[in-house]
Structures are given as structure tokens and as C-alpha cells.
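Presented below is the structure to which this report refers.
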Amino acid sequence: MVAAGGLYATGAWRLARRGIRWPVARTLAFLVLGLGSFAVVQFGFLGVYSGELRWAFSTRVALLLFAVPGLVSLGRPVTLSRLVLSGAPLRVMDAVLASWPVRLAGNAVFAPVFAFAAFCVFLTPLAGSLRESPTAGGILTLAVPLVGLLMVLPIVEHTTQRTSFFITVEFLLVFVELVMDAIPGILLRLNDSVLDRVGPVLGAVPGWFPNALHDQHLSGDLLWFIAEIADVPVLILLFIRWSRVDRHEAKALDELSDEEMAALTREHLRNRPQ
């Protein structure tokens, strides 16, 4: 958090020295909403009881994957970096953003498949091993938000070019994601056996601690809820992105001369399958 906040603040300060005003609202969004939400998830109730409670663990992972990256992206860190960097560092960043792993993660097909696969882990004994391992917990703390950022930043920052048709396809895929993401939560809620094979918490526990099966059911309820709610902002962002791309394409067509439009029409008719 200190490293991310320091880099962001340094970037805003360097812009101010050049006489470029970086919006205060974006800085507050990154520091307060983005890093603040990460702090609440990690250092609050969910982080404290993540090792003992299934629903705290699954909720923490879901929020790190969906909520924290979405709030961090409101600060537009990629836009800030492009304004601050120049020369070789800027070329390296652009090359990374244009690389196939980043483009794959930012594709609308990747998000529902990855989220579905990740949430299905909660249906297996592997979830219990991950929950009880401090090493796995540290890896998840860094890896899950990073993957979430790779999924959401291309939509928010417009780091990849999309046609209006492609964005329409993304709309359909997000609606598929609404159904897919709910499946692991529903299965956790309806199953009457403890799927992670971990026994009850040993030692003195607070009186409000649920038993293992009820803990699993709560995990399914919250996982289902978060997965469905998280898709709503994505739909809104895709709609905004589609409207911008559609206006840009319409403007580009309006600027064509009659001869250029006729040539474009002939080319389209020539390539159309018979």
C-alpha cells in the first residue's frame, strides 16, 4: 500500500511541477477508495478471521478480485503513468499493456472463465488448504487483486481498441457471466456436506461462530451476491465504452467523401460471402 500510494502521489506531484493539473478526485479515489478498500478487506474483520471462517475467506477473495481493482481503477493509474513517463519507460509500459497476457486478461471472455474457475475452487478440499496456509494467503493477497486489475483496467483506461461490434459481443458475454458466476455460490449454499473437508475450529471460539455447514452456506450466499453485484458496474462501463466507440465510428464515416464512401461500399460488397 505504501509503495503503490507513494508512486501514485509522486506521479501527481511530477505533473504539478510541469503545470499539469491532475484531478484531486482521481487521487482521492485511488488512495481512499482503492487502497482504503484493500486495507479494510485485509486488516478488518475479513482479514482477521479469513483463516477460521469459510465465508470470511471466500468473501475476502471475491472482494479482492472484483471490488478492490474496480475502485483502484477509478484513479486512472495507467493514464497518470502515461502522462508522467517518457522515453524507454513509457515504451516498456506500452509494450506490457500490448502483450498477449494483458490483452487476454482484458478480454471479456477471460473474466467469466477465470472467475468461474476461481470460485469453483471453493467447492474442493483445496479451498481448505489455501485458507489455512499463511503462505497461500500472502500469495492470494497480491495475485488476486493483480488479476482483477488486468481484467478491469482495459475497460476503464481504454488501453485496447475495440469496435462497436466487439463490444456488443462483450455485452453478451457479461450476461453469460451473470449466470456462470452464480453457480459456485449456489452449489455451496445447497450442498449439505462440508466440501473443503476441514473440521471445526479448535480451541476457544466466540459464541457467534457458525458451525462448519452453516459457515459454508453463508460463504455460498455472500459469494453469489458479490458475483452478481460485481457485474453491474462492468455492464455500465461497457455501455459507456460502446457509446463512445459508436460516436467515433459514426464521426469517421461522416467525414468520408462521397467517393470514399462509394469505394468503401464496393469493397464491403466484394468481400461479402455469396
Is it the case that some residue within segment 97-112 is small (Gly, Ala, Ser) and either in contact with a strand residue (DSSP E or B) (Cβ under 8 Å, 6 or more places away or on another chain) or within 28 Å of Ser50 (Cα to Cα) (or both)? yes
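Scan segment 190-222 for residues that are outside any loop (DSSP other than H, G, I, E, B) and over 20 Å from Val61 (Cα atoms) and report the count. Before the answer, list the steps.
Initially, segment 190-222 is screened for residues outside any loop (DSSP other than H, G, I, E, B), giving 190, 212-222.
Narrowing the set further to residues that are over 20 Å from Val61 (Cα atoms) leaves 190.
The total comes to 1.
If we scan segment 51-71, do we find a residue that is free of Cβ contacts under 8 Å to residues at least 40 places away in the same chain and open to solvent by less than 40 Å² (accessible area, probe 1.4 Å)?
If we filter segment 51-71 for residues that are free of Cβ contacts under 8 Å to residues at least 40 places away in the same chain, which is where we start, we get 56, 60.
Checking which are open to solvent by less than 40 Å² (accessible area, probe 1.4 Å) leaves us with 56, 60.
Scanning segment 51-71, I find at least one residue that is free of Cβ contacts under 8 Å to residues at least 40 places away in the same chain and open to solvent by less than 40 Å² (accessible area, probe 1.4 Å), so the answer is yes.
Right, Val84: closer than 18 Å to Leu218 by Cα and modelled with pLDDT of 85 or more or not?
Working: closer than 18 Å to Leu218 by Cα: no; modelled with pLDDT of 85 or more: yes.
So Val84 does not fit the description; no.
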Note on segment 102-140: residues more than 17 Å from Pro184 (Cβ to Cβ), over 20 Å from the mean Cα position of the chain (by Cα) and not small (Gly, Ala, Ser) are Glu132, Pro134, Thr135
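Out of everything in segment 162-220 that is of a type in the set (Phe, Trp, Tyr) and at pLDDT 75 or above, what residue ends up being most open to solvent (accessible area, probe 1.4 Å)?
The initial filter retains those residues of segment 162-220 that are of a type in the set (Phe, Trp, Tyr), namely 165-166, 171, 175, 208-209.
So of that shortlist, the ones also at pLDDT 75 or above come out as 208-209.
Details: Trp208: 131, Phe209: 35 Å².
For segment 162-220, the residue satisfying everything is Trp208.
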Please work out if Thr79 is among the β-branched types (Val, Ile, Thr) and crowded, with 18+ Cβ neighbours inside 10 Å. no
Picked from segment 9-50 (must be basic (Lys, Arg) and touching a residue at least 24 places away in the same chain (Cβ under 8 Å)), the residue surrounded by the fewest Cβ atoms within 10 Å (Cβ to Cβ) is Arg14
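The values are calculated or read from the model by the stated rules, or taken from the named source; none is laboratory data. As the structure is a prediction and not an experimental result, all values here were calculated from the model. Note that each Cβ is placed from the backbone with ideal geometry, even for glycine, and that neighbours are counted across all protein chains shown. The protein model used for the area step is the full one, side chains on, heavy atoms only, and it has no ligands, DNA or RNA in it. Shrake-Rupley method; radii C 1.70, N 1.55, O 1.52, S 1.80 Å.
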